[in-house]
Amino acid sequence: MDWIRMKSGDLAAFERLYRAHVQPMMRYGLKITDNPALVQDCIQDLFEEIWNTRQQLSDTPYPRFYLLRALRNKLSKALSKQSFVSNGEMSLASGDQPVAYVELEIVARETETQNRETLRKMLDGLPRRQQEAIHLRFYDNIPYENIAEMMDMNYQSVLNLVQRALKALRKGFSVKAPRH
Amino acid sequence: MHLHEDKIEALLLDNRFVDWVLNPESRYASYWEAWAAESEANTSLAGYARTMLQEIAMEEEYAGADLPEESVNALFGRIREGIGQPEKTRRIKPFRWVAAAAIAILLAAGGWMLFRGEGAAKPMAGITKNQPSPEVVRFNGNSGSQALFLPDGSRVILAKGARVSYSLLMDGSKREVKLSGEAFFDVVPDPQQPFYIYTDKMVVKVLGTSFRVTASGKEESVAVSTGKVSVYLKGQDLEQSAASIVLPRQLCRYEERLDELVTESYAGAFSQETELEKLKALTFEEAPVAEVLLALEKHYAIPIKFNAATFENCYITLTLGNESLEEMLKVITRTIDASYTMSTYGILIEGNGCREQ
């Protein structure tokens, strides 16, 4: 595997790793900050660090998870330095009761008819941490226990977080589950 | 209260379920396929959960743009420099600058001309094929038979309780369908992409024809209405071994006692052919495009994303069927001056809409 080859100094494997993961990393980074230049800088730092410390790295069967987690750490450090987001806010774990709930309900009721923009609006209206967890689970296919580790929460809190998000999104889907 | 919704959410909170939907090589595939086939309730729950998940994934896919190729290369160039392994070739940066500036000017001028010419350039249809598409399971939980389209335009009438599964876009080198229960197939000919049906015991190879396959545990058989199919025993080497060729008005069945295929003449009727006629009648005349896209979404079982407000004034006349999903999309997007993108999450339609008539 490329990770192991990279560790033994294979530059081509290193490049393959970069190319296989740079787009999801970029997308994920932009869930955490709106600053694409900052995300690119962090990705650059991260890959340079990976190469320079490759001998000390442990093996991982899931480079995607490793890379996203490392990127998050980098971004969170960079952001706290710039004080865009305070550390306290970053680690404000499960207790983020969404302010946007009421508003979402109204939006949903107004557009009960087919409006495909709704789901996007609802996703954008979710609290940031819910958006992040939803993205990691349903786009990057990262298991809940790993999301918990990345976001520094416990497993059950992540499930609660995603469940709240799903409830808020209910009316945004094109399919409506029958209510028995 | 909302019991159904709670159950769907429980599936979405299950790592194994999410993996099955997102990962074409999921090791949980057989588990969930069996689970979905267990009961009508399960099939419908899995269907809802899958659609919701795909809609989220599709939103996430289309909300963020991919980094352009040049930026990906440039960023890697910086990384190489950072680790002291700069690329050896290329020292022509000033030239590149000039070229980029020239292109920028051309684009600006071109943009103005395009604007004056009222959008002469049509957006191109693009297909993103970066990974194999996930599997779709369709189960007929109704009391009667159910007609549906496959992505290649082939039509299937599923008998009550029958189930087919295939990859969302059917974009592999073969068109492959797994079947349990009874179904009638009307397959679009395409020698480049042969059509295979897998049942528990048999493999049916088709080049374009209509026939019925029964695979309901005790009985497995293929009866041909038009054309010709080859039937193999599962586990046979398809390239090496001789197939049983089944012609119109013949039936080939698996004889369990002998563990072999037996071909005999078949005098029965194909009641499903009248069902097919109903599908043909899916015609839209000057219908709002949203209505057509929703029908497409339903019959081809694939999520389609578009901005309803943008295309509010677009109307199409169109007959569904006989045509692959891609052909239909080409016709629709050409008519309403839009473009489409296919990905493993579904289809995105973009454009500027139509003027009020």
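Each value in this text was obtained by applying a stated rule to the coordinates, not by laboratory testing. The shown structure was predicted, so the numbers you read here are calculated from the model rather than taken from an experiment. Note that we place each Cβ from the backbone using ideal geometry, even for glycine, and neighbour counts take in every protein chain shown.
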Please arrange B:R355, B:R163, B:R334 by counting, for each residue, the other beta carbons lying within 10 Å of its beta carbon, fewest first. B:R355, B:R334, B:R163
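If the limit is 23 Å between Cα atoms, which of B:K178/B:K205; A:K171/B:K178; A:K31/A:K121; A:K74/A:K121 go over it?
Over 23 Å Cα-Cα: A:K171/B:K178; A:K74/A:K121.
Over the whole of A:134-144, what's the average partner chain Cβ count within 10 Å per residue? Rounded to a whole number, please.
The shielding value for this peptide is 6.
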Exposure proxy order (Cβ contacts within 10 Å, fewest to most) of A:R137, A:R129: A:R129, A:R137
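Per residue of B:179-190, how many C-beta atoms from partner chains lie within 10 Å of its own C-beta, taken as a mean?
Numbers: counts 0, 0, 0, 0, 0, 0, 0, 0, 0, 0, 0, 0.
Partner Cβ neighbours, averaged per residue: 0.
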When B:K305, A:K167 are ordered from fewest to most other Cβ atoms inside 10 Å of their Cβ, what list results? A:K167, B:K305
Gain on full stretching of the segment that runs from A:Y155 to A:K81 - 0.36 nm per residue minus C-alpha separation: 23.8 nm
